[in-house]
Amino acid sequence: MKKRIITVFTVSAMALSIIACKNNTKENNIAQVETVAKASELSKKYTADITASSITWTGYKPTGSHTGTVNLKQGELTLKNGHIESGKFSIDMTSIKDSESNARLEKHLKSGDFFDVENHPNATFEITEISKSEGKTLISGNLTVKNITNKVTFPASVTNNGNSLTLTSDTFKIDRSKWEIKFKSKSFFTNLGDKFINDDIDLKISVTATK
């Protein structure tokens with residue numbers, strides 16, 4: 001009888017431990033993202049002009065770098081009292097281009113080694129917070145790539161001409177390993193020598209939007 005009580009107690013403790021681990025994992029995942037900013041009734045909506053907007057990327061490795069672009073698919077910003085209040089954007093990952101028109105590289109970037117565009121054709125960015133620092137607008141938001149979401153923050157300049165506005169970011173970095181992009185990443189592989197590709201990717205965003 002005593003042995004049976006001990007066994008029941010042990011099994012119960014193990015179950016509680018598993019539940020606790022699951023809850024902790026869930027909390028950690030939630031902590032990576034923030035609540036999306038909402039537009040108020042008094043805000044003014046601006047729709048992104050896809051042809052006048054651009055996203056430029058640069059990736060690095062020991063022997064050099066590659067630069068290219070990826071296109072916005074759609075997007076919008078809202079302003080209240082002349083200041084950005086909210087915004088959301090869809091990014092067409094199938095549009096990844098290399099500035100030197102390297103078809104082999106473009107195909108590789110679209111493959112499962114990198115962005116797996118067949119299964120994840122779109123990425124999204126949703127603004128969560130706007131703040132000011134040293135004359136710059138700091139934009140924070142949830143960036144979702146390959147169904148993985150992480151918070152990113154970058155400084156930007158915003159120009160509002162009434163019927164149109166332009167948002168231009170400084171060049172900023174994201175860590176691709178946070179989105180499980182593992183190919184030749186030293187965050188996942190220890191035996192790469194000098195054959196690695198940097199985790200950090202430089203991004204520069206320019207968005208023109210009109211009423």
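Residue-wise HN-Hα couplings along the stretch 164-180, as the Karplus relation 6.51 cos²θ - 1.76 cosθ + 1.60 with θ = phi - 60° gives them from phi, are 9, 9, 10, 10, 10, 7, 5, 5, 9, 10, 10, 9, 4, 5, 5, 10, 6 Hz; Gly and Pro carry x.
Could you please report the charge total around residue 150, scoring K, R as +1 and D, E as -1 over all other residues with beta-carbon less than 9 angstrom from its beta-carbon?
Working: positive: 151, 178; negative: 175.
Charge balance near residue 150 sits at +1.
All other residues whose Cβ lies under 12 angstrom from that of residue 62 are scored, Lys and Arg at +1 and Asp and Glu at -1, for a net of +3.
Kindly list the residues of the stretch 184-211 that lie in the label zone of residue 56, defined by a backbone N under 11 Å from the point 7 Å along the Cα-to-C-beta vector. The answer is 203-206. Full extension of the chain segment joining residue 111 with residue 69 gains 13.5 nm, where the gain is 0.36 nm per residue of separation less the Cα-Cα distance. A cut-off of 5 Å between modelled amide H atoms, ignoring neighbours fewer than 5 places along the same chain, links residue 49 with 208, 209, 210. All other residues whose Cβ lies under 12 angstrom from that of residue 34 are scored, Lys and Arg at +1 and Asp and Glu at -1, for a net of -1.
Where a number appears in this text, it was derived from the coordinates with a stated rule and is not lab data. All values derive from a computational prediction rather than experimental measurement. Note that each Cβ is placed from the backbone with ideal geometry, even for glycine, and that neighbours are counted across all protein chains shown.
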